[in-house]
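The values are calculated or read from the model by the stated rules, or taken from the named source; none is laboratory data. Because the structure is predicted, anything quoted here is derived from the model rather than measured. Backbone-built Cβ (ideal geometry, glycine too); neighbour counts: all protein chains shown. Ligands, DNA and RNA are excluded from the accessible area calculation, which covers all protein heavy atoms including side chains. Shrake-Rupley method; radii C 1.70, N 1.55, O 1.52, S 1.80 Å.
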Amino acid sequence: MDLHTHTIASGHAYSTLQENIAAAREKGLQFLGLSEHGPAVAGGPDRLYFLNYKIIPRQYGELKLYCGAEANITDYEGHLDLDNFVLERLDYCIASMHTMIVTPGSARENTMASIHAMENPYVKILGHPDDSRYPLDYEELVRAAAKLQVALEVNNSSLHPLSARQGANENQWILLQYCMRFGVSVILGTDSHFSSAVGDFTQADQLLKELDFPQELVINRDPGRIGEVVNRRS
Ligand SMILES: [Zn+2]
Ligand SMILES: [Zn+2]
């Protein structure tokens, strides 16, 4: 499964949904998640885009499509740029911090922003908690994710050499070690902004291998665990 992908609707991604679906099927994925940026990102879709997901077919041969969002955390209280009326109609929601939306704070402020966002029952995944521009208390974050049953993401794009997120390798390393210590699962996401990246977890897989990270703590390895990261009704 790859639940973190963007299309041209996000404003700075370059493939269509049809192209992402074709790429996902080629890679043999069972689940593809469409997670467009929330409306606070310049050039991104507005709320009506998310409210019309109902018209999109969800099954493509063996591939099932989930339609969600990567909502923006807009402040240190963990507010999101999508309201509950929209969130309850999505298949799932990722919550992430982006520098153009929320000014990086202290580790305390960033950690509380993330935890408060995870307290939102519609948030299933915390996106890319791996950016040194947003220092985090990883022990506290991992404990909170376990308690709130939100999956922490290992973001493949963050690990890419061209990524703007700084220190992602070292930060994910620390995060994954706490996950191993406390037995907390993670989810891999590509954060694809072009179809060829859909389902390509090369960098993330390499990191997990170096850490000898247990397969049973990777949600992607077991399709039966999809219910942990999407809304029950979908
Ligand atoms: Zn993001
Ligand atoms: Zn993204």
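Couple of notes before you dig in:
- Cβ-Cβ under 9 Å pairs, at least 6 apart or on other chains, region 13-33 side among the small types (Gly, Ala, Ser), far side open to solvent by 50 Å² or more (accessible area, probe 1.4 Å) and part of a helix (DSSP H, G or I): Ser15/Ile8; Ser15/Ser196; Ala23/Ser196
- Thr7 vs. criteria among the hydroxyl-bearing types (Ser, Thr, Tyr) and open to solvent by less than 60 Å² (accessible area, probe 1.4 Å): yes
- Check on Gly28, more than 19 Å from the chain's Cα centre (by Cα), within 16 Å of ligand 1 (Cβ to nearest atom) and open to solvent by 30 Å² or more (accessible area, probe 1.4 Å): no
- Residue count, region 129-151 (criterion: out of contact with any Phe, Trp or Tyr (no Cβ under 9 Å at 6 or more places or on another chain), crowded, with 20+ Cβ neighbours inside 10 Å and not aromatic (Phe, Trp, Tyr)): 7
- Answer residue from region 19-63, given it is of a type in the set (D, E, K, R) and touching a helix residue (DSSP H, G or I) at 6+ places or on another chain (Cβ under 7 Å) and is nearest to Ser196 (Cα to Cα) among those: Glu19
- Listed by first and then second residue, the pairs linking a residue in region 43-63 that is within 22 Å of Met100 (Cβ to Cβ) to a residue that is open to solvent by 100 Å² or more (accessible area, probe 1.4 Å) and in a loop (DSSP other than H, G, I, E, B), with Cβ atoms under 9 Å apart and 6 or more places separating them unless they lie on different chains, are Phe50/Arg89.
- Residues of region 187-219 satisfying the condition of being farther than 24 Å from Tyr14 by Cα, touching a Phe, Trp or Tyr at 6+ places or on another chain (Cβ under 8 Å) and surrounded by 15 or more Cβ atoms within 10 Å (Cβ to Cβ): Leu207
- For region 152-171, a residue qualifies if it is open to solvent by 60 Å² or more (accessible area, probe 1.4 Å) and either within 14 Å of ligand 1 (Cβ to nearest atom) or touching a residue at least 60 places away in the same chain (Cβ under 8 Å) (or both), and the qualifying residues are His160, Ala164.
- Extreme residue, least open to solvent (accessible area, probe 1.4 Å), among residues of region 76-118 that are more than 15 Å from ligand 2 (Cβ to nearest atom), under 27 Å from Gly227 (Cβ atoms) and of a type in the set (S, T, N, Q): Ser114
- Residues satisfying the stated conditions in region 31-49, i.e. closer than 15 Å to Tyr92 by Cβ and either more than 16 Å from ligand 1 (Cβ to nearest atom) or among the charged types (D, E, K, R) (or both): Phe31, Leu32, Glu36
- Those residues of region 182-232 which are outside any helix (DSSP H, G or I) and more than 24 Å from Glu26 (Cα to Cα), in sequence order: Gly183, Val184, Ser185, Val186, Asp212, Phe213, Pro214, Asn231, Arg232
- Lone unmet requirement of (1) within 16 Å of ligand 1 (Cβ to nearest atom); (2) over 17 Å from the mean Cα position of the chain (by Cα) for Ala107: (1)
- Qualifying position, being under 17 Å from the mean Cα position of the chain (by Cα) and more than 22 Å from Glu170 (Cα to Cα), among Leu141, Leu63, Leu80, Leu126: Leu80
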